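Novice: Take this structure first; my questions come after.
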């Protein structure tokens, strides 16, 4: 065995061990979290992909034996996208129907290998092979777009950095691995290309392990919030929940907290659909890092969207429970409190109350 093959085998074994360690941490941190479930499945898929991608394994297996392994490897790109979306969403909920999409991606990989689509001239075979090549690219682009869109809203700095490492590292690996396979005869990694592939997987997983070790007991924050218990409606239609009184840490934080409370309760800035943390900091006349600290440490919110939505959901609860507004459409209420469409409103409302807006209204009006 030459040194390239020896190093490749060593790195693939190390990557598999790191993936198992990460899976154990995720299980300990919160086995029922959507991010934990997707993360464990992705880690299992990476073990399969890493070990099955060894040049000796790929060359020795029959097409029938290799097909399911390739299917799992192809579907890892879909899991990566689903994990990125779950990690960066304020409510920590997974995209709907992702298990069906994962099964479809597995079937695509199995189909291509079983029928040898890569080397065939038929149009359907070339289309299937192209779909398999484009899927990782599309999923990596989607994951990076989600990260860029929602990254600033995360108020917990260690978690924010770790989430970026996961998405940026995973996206880079996906693109490099795709390029390596496209550049190899038959798409099989050998020699230096195989070594680069295993080194990137091991380095990416090692970086995630180090990041999670720094979070220590805060892994629950990393994998997202637990489902909330149903909340009671506020006493009046347009009054947001009061800010909790906490002893000031320094005068500047105290002033920022007062301005924030006034902006939320009196000016009701949360009704602005495109309100971001940078725009709110500029409106309050304070540095963004200070506003992050106040919302996180004093008000207990780990994500800016969760903070804003707490006010919006409170106002929506009051409107839905108001008999005088029983004929007002749910969409109209959603738009009135600052949501820009019905889908995000329904998801945020159910995450906060355990009920859909319609169910909540029916129950409240039946009791009135």
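No value in this document is a laboratory result; all are computed from the given coordinates. Just so you know, these numbers come straight off a predicted model, no measurement behind them. Here Cβ is always computed from backbone atoms with ideal geometry, including for glycine, and neighbour counts include all displayed protein chains.
Novice: Calculate the FRET efficiency for residue 331 and residue 103 from the Cβ-Cβ distance with a Förster distance of 30 Å, rounded to the nearest 0.05. Intermediate results must be reported in sequence, preceding the final value.
Specialist: Details: r = 33 Å, r/R0 = 1.11.
Rounded to the nearest 0.05, the efficiency is 0.35.
Novice: Kindly express, to the nearest 10 degrees and within the range 0 to 90, the angle between helix 63-88's C-alpha long axis and the longest C-alpha principal axis of the chain.
Specialist: Taking Cα atoms only, the helix is inclined about 20 degrees.
Novice: May I ask you to sort 173, 289 by Cβ crowding, counting other Cβ atoms within 10 Å and putting the fewest first?
Specialist: Details: 173 20, 289 10.
Ranking 173, 289 by Cβ neighbours within 10 Å, fewest first, gives 289, 173.
Novice: I'd like the distance separating the alpha-carbon centroids of segment 318-344 and segment 254-306, in whole Å.
Specialist: 23
Novice: Pairs of Cα atoms under 8 Å, at least six residues apart: use those to get the relative contact order of segment 3-222, whole percent. Could the numbers behind the result be given before it?
Specialist: Details: 264 pairs, mean separation 59.3, N = 220.
Here the relative contact order equals 27 percent.
Novice: Between residue 209 and residue 157, how many nm apart are label points set 7 Å from Cα along the C-beta direction?
Specialist: Once both label points are built, they end up 2.7 nm from each other.
Novice: Tell me the label-point distance for the pair residue 288, residue 175, using the 7 Å Cα-to-Cβ offset, in nm and rounded to one decimal.
Specialist: 2.2
Novice: Right, something else. Assuming 0.36 nm per residue, please report the length gained on full extension of the stretch residue 4 to residue 57 beyond their Cα-Cα distance.
Specialist: Numbers: separation 53, 0.36 × 53 = 19.08 nm, distance 1.53 nm.
Taking residue 4 through residue 57 to full extension adds about 17.6 nm, to one decimal.
Novice: Using R₀ = 30 Å, calculate the FRET efficiency as 1/(1 + (r/R₀)^6) where r is the Cβ-Cβ separation of residue 168 and residue 115; round to 0.05.
Specialist: Computed FRET efficiency for residue 168 and residue 115: 0.30.
Novice: Moving on to the next point. At a Förster radius of 35 Å, what calculated FRET efficiency corresponds to the Cβ-Cβ distance of residue 27 and residue 137, to the nearest 0.05? All intermediate terms of the calculation are to be shown ahead of the outcome.
Specialist: Details: r = 31 Å, r/R0 = 0.89.
About 0.65, to the nearest 0.05.
Novice: While we're looking at this one, here's another question. Under 10 Å, Cα contacts only: if you run a Gaussian network model on the chain, which one of 305, 33, 96 comes out with the highest mean-square fluctuation?
Specialist: 96
Novice: Given the options 53, 273, 338, state which has the largest fluctuation in a GNM of the chain using a 10 Å cut-off (strictly under) for Cα springs.
Specialist: Among 53, 273, 338, the largest GNM mean-square fluctuation belongs to 273.
Novice: Same structure, new question: Using a 7 Å offset from the Cα along the Cα-to-Cβ direction at both residue 258 and residue 272, what is the distance between the two label points in nm, to one decimal?
Specialist: The two pseudo-label positions are separated by 2.2 nm.
Novice: Which value results for Rg/Rh of segment 251-367 when Rg is the Cα radius of gyration and Rh the Kirkwood radius based on the inverse mean 1/r?
Specialist: Numbers: Rg = 15.4 Å, Rh = 15.0 Å.
Ratio of gyration radius to Kirkwood radius for segment 251-367: 1.02.
Novice: Counting only helical runs of four or more DSSP H residues, what would the 222 nm mean residue ellipticity of the chain come to if each run contributes -39,500 (n - 2.57) and the total is spread over all its residues? Present the calculation step by step, with values, prior to reporting the outcome.
Specialist: On the way: 16 runs with 256 residues, N = 368.
-23000 deg cm²/dmol, from helical runs alone.
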